[in-house]
Amino acid sequence: MKRRIIEDYKLAEHLKRWDDRGKGLLLDLAAYSVIAESNVAQHFPDYAYNHPLMTPQNKIYSDSTISRFIREIDDNDRVDFLNSWNATHDKNCKAGDIEMAEYGHPKNDVGAPIINYSIAYDMTNEKPLLYESYPGSIVDVSQLKYMLEKIRGYGYEKIGFILDRGYFSKANIQFMDSCDYDFVMMVKGRASFVHGLIMEHMGEFESKRACSIKEGLPDLWHDG
């Protein structure tokens, strides 16, 4: 089943920067994290003894080799994979690098450094499209435009967003409108910008079909 999924999604073909050893080990680690529901390197050799592997000659690597292998994966490897993965898709439709962990403003502040992580899915088949991690010190409201520009760069057009109020700002709303993306955003009703718009258009939109929220959005980027 694992090999069938890898072949169906052509995952190995998207790892263009990797040799056979690297491709096999990375795919084995991905399968291990799903099947064993774990990402602990020292438990991987036990998993490998009981499962077919993708590495040449089914070689089993030690946990120290695996840890070194993971540390050597850089941003270029990640970006190249995402570029290749997204190029094959229809355009119509507390983990990560520890060096990125910074003190920010989480909802539940336990006094620890954090990272922020966003992921986009195709709602039709629930395949992941792209993901992004960024330092915890960067607030959501300032990160949204950067993420939208990345999505536009991949060519996605029919895409919708559900966003919490951490992304609320007049500039963000205007930029999403300019991208012609559907979105639902929790807003601060007492904010002057929101309150002013509601009062200005009171009675004009409540019963209009064109202003109703669609039952489902084509693709979904959920964050927050």
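The values are calculated or read from the model by the stated rules, or taken from the named source; none is laboratory data. All values reported here derive from a predicted model rather than from experimental measurement. Cβ atoms come from the backbone with ideal geometry, glycine included; neighbour counts cover every protein chain shown. Just the protein is used for accessible areas: all its heavy atoms, side chains included, with ligands, DNA and RNA removed. Shrake-Rupley method; radii C 1.70, N 1.55, O 1.52, S 1.80 Å.
Taking all protein chains as shown and a probe of 1.4 angstrom, Tyr146 keeps an accessible surface of around 110 Å². Shown in residue order for the stretch 69-85 are the 3J(HN,Hα) couplings computed by the Karplus curve 6.51 cos²θ - 1.76 cosθ + 1.60 at θ = phi - 60°: 4, 5, 5, 7, 6, 10, 4, 5, 4, 5, 5, 4, 5, 5, 4, 5, 4 Hz (x for Gly and Pro). For the stretch 40-80, applying the loop criterion from DSSP together with a ceiling of 14 other beta carbons within 10 Å to the trypsin sites (Lys or Arg not before Pro) yields Lys59.
Under a Cβ-Cβ cut-off of 11 Å, what is the net charge of the residues other than Arg17 that fall near it, where Lys and Arg count +1 and Asp and Glu count -1?
Numbers: positive: Lys16, Lys23, Arg78; negative: Asp19, Asp74, Asp77, Asp80.
Residues close to Arg17 contribute a combined charge of -1.
Accessible surface of the stretch 143-195, 1.4 Å probe: 50 percent of it comes from carbon and sulfur atoms.
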